[in-house]
Amino acid sequence: MADDLTIDELYEEFEDLGDWDERCDYLIDLGFNLPQLPDEAKIDPNMVHGCQSNVWLVAEMKPTEPPTLEFIANSDAIIVNGLIAVLTALFSHQTPERILMIEPQEVFARLGLERHLSPQRRNGLYSMVDRVRQLAVEAATNSS
Amino acid sequence: MSDSHLQSPFDVEAVRRDFPILQKLLPKGLSVTYLDSGSSAQKPQCVIDKEAEVYENYYANAYRGVYRFGALVDEQLEGTREKVRQLVGAKQTDEVIFTSGSTMSLNVVAFGWGRRHLQPGDEILLNEMEHHANFVPWQQAAEQTGAVCRFIPLTDDGRLDLSRLDEVLTTKTKLLAVTGMSNVLGTINPVKELAARAHAVGAIIVVDGAQSVPHMTTDVVEDDIDFLAFSAHKLYGPSGVGVLYGKHELLDATDPLLFGGHMIDRVYRDHSTWAAPPAKFEAGTGQIAQAIALGAAIDYVSNIGFEAMHEHDRRLAEYAHQRLNELPDMRIYGPHLEHKGAIVSFTIDGAHPEDLAQLLDRRGVFVRHGHHCTMPLHDLLGVSATVRASFGVYSSLADVDALFDALQFALGRLRLA
């Protein structure tokens, strides 16, 4: 289910969820269903540093018109994988220019997950966002 | 719940009532199971009251005013200094320095003593179970002085391998830095023996007492410890304050790290001279109310007694090992119970420590996960992170049961049970 999840679908899902316990269980479900990165992609250059769990992230430019980026990321922690599902739903299938305009903290606040995305928390999501933006900048530079 | 031989030697329920935070209920009526005392301990009401007493009744800067508030603050601070002297068994109060915590204390030794006395080719003897605060300052001191860090090998069960100490402790060794109790493995190190062996080759010994001082009797004279660091906040006292104990003659031979008010003897246009210890190491306005309230914390634990607390820890650790080992794929790190204090670090195959910690939190069970500021140790253990349950004077056998139940819940959520 995480594969084609859109952020609007996530808004709908989260609206029906109650407290953190329910959100957490849903994130675990998302985490278990997250598309897997092949082991050969789990290498140091793809690693997002600043995380307590290991996170690997790769981006692929899709030949859509205009070209869009797809992100695949995995962690060895399940709840982080759930949060990754939210982030990839937010950033994937967008143009680099559009990606750079997204304010993920607002989205996380709307989903009731604000405490999981802040520069102070070292679960690496913020580092992941930085990496996504960096990859988007590189993609935008290469295509221009 | 448990065998009677595991019951604490003191009334834990009465102790728990002294800690207001443990009476709080979390949403859904969950009670708090605080198992992160190794990180920072909770505070009894008497400590909270003491800090407030200072601000409400006689707060002023320390060592400055002759007016009565100033005098009262000085008297209270010196009262705490005397309590610390008794706590660690020091000969003189001027061997007790207030710092911001263990990290600061160890940095004072690494740079104040280390930079002055270490020469190229000298050796600093460490080991891989040290907290970064008793590891990185020595790396830095070595880099700045040309000294070299060497390591006491660890046994497979996480103790210092004393049978191989002679390989690394030589006349080149100028300093041996060691923790009194590992913050991950719980290993209690034989500091008295290490001190004797270090002194035999002309080295000094620096003990990181952050974990050991709150949990067992400390005697710097009996053990012949040269420097000892600990933090108030792990001793049920306020955050932001700690202690460096140093033998008088060594403090005289140590340079201050911070310069400014109070540490001065005389300032001339072109140079300055320093006050005698402890003032020499207490530049600037310190943590006044916090240091005073540390005295209340020392009174509190002394009243329970360190022998009793150590026994309490031993029983908790035994019960924790017993219960946790009921879980499948449980791996507890560190030595046999007879060599350790009340710290239990573990992993469960297939469960990431971060997931476990988050899921335990949902049951009101607060543990720490990660590398616990011991990356070299985790490299040695071959895991990037562990979950750590660490106990305090208020921890009960029921807390261990709560941990067990919460772990079962977590494993269910992670589809491992």
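Condition test on B:LYS340, is it of a type outside the set (Ser, Thr, Tyr) and outside the structural domain of B:VAL84 (by TED's automatic domain parsing)?
Yes.
Look at B:GLY305 and say whether it is of a type outside the set (Asp, Glu) and at pLDDT below 95.
Details: of a type outside the set (Asp, Glu): yes; at pLDDT below 95: no.
Taking the combined requirement at face value, the residue does not satisfy it.
For the stretch A:63-80, indicate whether the set of residues that are assigned to a helix (DSSP H, G or I) and under 19 Å from A:GLN105 (Cα atoms) is non-empty.
Scanning the stretch A:63-80, I find at least one residue that is assigned to a helix (DSSP H, G or I) and under 19 Å from A:GLN105 (Cα atoms), so the answer is yes.
Based on this model, can you work out whether B:ARG331 counts as of a type in the set (D, E, K, R) and out of contact with any Lys or Arg (no Cβ under 8 Å at 6 or more places or on another chain)?
yes
Could you grab me the full set of residues in the stretch A:60-75 that are crowded, with 21+ Cβ neighbours inside 10 Å and away from chain B (no Cβ under 14 Å)?
Passing the criteria: A:LEU69, A:PHE71, A:ALA73.
Hey, could you check the stretch B:317-350 for residues that are in contact with an Asp or Glu (Cβ under 8 Å, 6 or more places away or on another chain) and of a type in the set (A, V, I, L, M, F, W, C) and say which is nearest to B:SER40 (Cα to Cα)?
B:ALA342
Please determine, by comparing only the residues of the stretch B:335-348 that are touching a residue at least 60 places away in the same chain (Cβ under 8 Å) and not β-branched (Val, Ile, Thr), which one is surrounded by the fewest Cβ atoms within 10 Å (Cβ to Cβ).
B:HIS336
Out of the stretch B:338-352, which residues are at negative phi and either within 11 Å of chain A (Cβ to nearest Cβ) or among the aliphatic types (A, V, I, L, M) (or both)?
If the condition is that a residue be at negative phi and either within 11 Å of chain A (Cβ to nearest Cβ) or among the aliphatic types (A, V, I, L, M) (or both), then B:ALA342, B:ILE343, B:VAL344, B:ILE348, B:ALA351, B:HIS352 are the ones that fit.
Which pairs do you get when a residue that is closer than 15 Å to B:GLU78 by Cα, found in the stretch B:270-286, comes within reach of a residue that is part of a loop (DSSP other than H, G, I, E, B) and small (Gly, Ala, Ser), reach meaning Cβ atoms under 7 angstrom, with the pair 6+ apart or on two chains?
Qualifying pairs under 7 Å: B:GLY286/B:ALA62.
For the stretch A:9-59, give me the residue count where each residue is in a loop (DSSP other than H, G, I, E, B) and either more than 13 Å from chain B (Cβ to nearest Cβ) or aromatic (Phe, Trp, Tyr) (or both). Lay out the reasoning, then the answer.
Filtering the stretch A:9-59 down to residues in a loop (DSSP other than H, G, I, E, B) leaves A:17-19, A:33-38, A:42-43, A:48-50, A:52-54.
The next check asks that each one be either more than 13 Å from chain B (Cβ to nearest Cβ) or aromatic (Phe, Trp, Tyr) (or both); those that pass are A:17, A:34-38, A:42-43, A:48.
Going through the stretch A:9-59 one residue at a time, the tally reaches 9.
Can you say whether B:ILE343 is farther than 22 Å from B:VAL15 by Cα and in contact with a Phe, Trp or Tyr (Cβ under 8 Å, 6 or more places away or on another chain), as far as the supplied structure shows? I'd like the intermediate steps shown before the answer.
Values: farther than 22 Å from B:VAL15 by Cα: no; in contact with a Phe, Trp or Tyr (Cβ under 8 Å, 6 or more places away or on another chain): yes.
Criteria not met by B:ILE343.
Going through B:HIS369, B:HIS352 one at a time, which residue ends up being within 28 Å of B:ASN127 (Cβ to Cβ) and either touching a Pro at 6+ places or on another chain (Cβ under 7 Å) or not assigned by TED's automatic domain parsing to the domain that holds B:PHE409 (or both)?
Of the residues listed, the single one that is within 28 Å of B:ASN127 (Cβ to Cβ) and either touching a Pro at 6+ places or on another chain (Cβ under 7 Å) or not assigned by TED's automatic domain parsing to the domain that holds B:PHE409 (or both) is B:HIS369.
Would you point out the residue of the stretch B:392-416, among those that are part of a loop (DSSP other than H, G, I, E, B) and within 14 Å of chain A (Cβ to nearest Cβ), that is surrounded by the fewest Cβ atoms within 10 Å (Cβ to Cβ)?
Only one residue tops the list, namely B:ARG415.
For the stretch B:223-260, which positions are part of a loop (DSSP other than H, G, I, E, B), closer than 16 Å to B:ASN107 by Cα and either among the β-branched types (Val, Ile, Thr) or touching a residue at least 60 places away in the same chain (Cβ under 8 Å) (or both)?
B:GLY240, B:VAL241, B:ALA253, B:THR254, B:ASP255, B:PRO256, B:LEU257
Here's a check for you: in the stretch A:76-103, which residue that is within 15 Å of A:MET128 (Cα to Cα) and surrounded by fewer than 19 Cβ atoms within 10 Å (Cβ to Cβ) is nearest to the other protein chains (Cβ to nearest Cβ)?
A:ASP76
If B:ASP299 passes every condition in (1) assigned to a helix (DSSP H, G or I); (2) surrounded by fewer than 21 Cβ atoms within 10 Å (Cβ to Cβ); (3) not assigned by TED's automatic domain parsing to the domain that holds B:ASP255 but one, which one does it miss?
Of (1) assigned to a helix (DSSP H, G or I); (2) surrounded by fewer than 21 Cβ atoms within 10 Å (Cβ to Cβ); (3) not assigned by TED's automatic domain parsing to the domain that holds B:ASP255, only one is false for B:ASP299: (3).
Only one of B:LEU250, B:LEU169, B:LEU185, B:LEU228 is more than 28 Å from B:VAL383 (Cβ to Cβ) and within 18 Å of the chain's Cα centre (by Cα); which?
B:LEU228
Taking the stretch B:353-378 as the search range and keeping residues that are more than 12 Å from chain A (Cβ to nearest Cβ) and part of a loop (DSSP other than H, G, I, E, B), which one is farthest from the chain's Cα centre (by Cα)?
If we take residues in the stretch B:353-378 being more than 12 Å from chain A (Cβ to nearest Cβ) and part of a loop (DSSP other than H, G, I, E, B), then B:VAL367 is farthest from the chain's Cα centre (by Cα).
Please work out if B:TYR319 is without any contact (Cβ under 8 Å) to a residue 40 or more places away in the chain and of a type in the set (Phe, Trp, Tyr). Break it down stepwise before answering.
On the way: without any contact (Cβ under 8 Å) to a residue 40 or more places away in the chain: no; of a type in the set (Phe, Trp, Tyr): yes.
Judged against the criteria, B:TYR319 is not a match.
Take the residues in the stretch B:270-296 that are more than 30 Å from B:ASN57 (Cβ to Cβ) and loosely packed, with under 15 Cβ neighbours inside 10 Å, then tell me which one is nearest to the chain's Cα centre (by Cα).
Going through the qualifying residues, I end up with B:ALA276.
The values are calculated or read from the model by the stated rules, or taken from the named source; none is laboratory data. What you see is a predicted model; the values in this text were computed from it and never measured. Every residue, glycine as well, gets a Cβ built from its backbone with ideal geometry; the counts of neighbours run over all protein chains shown.
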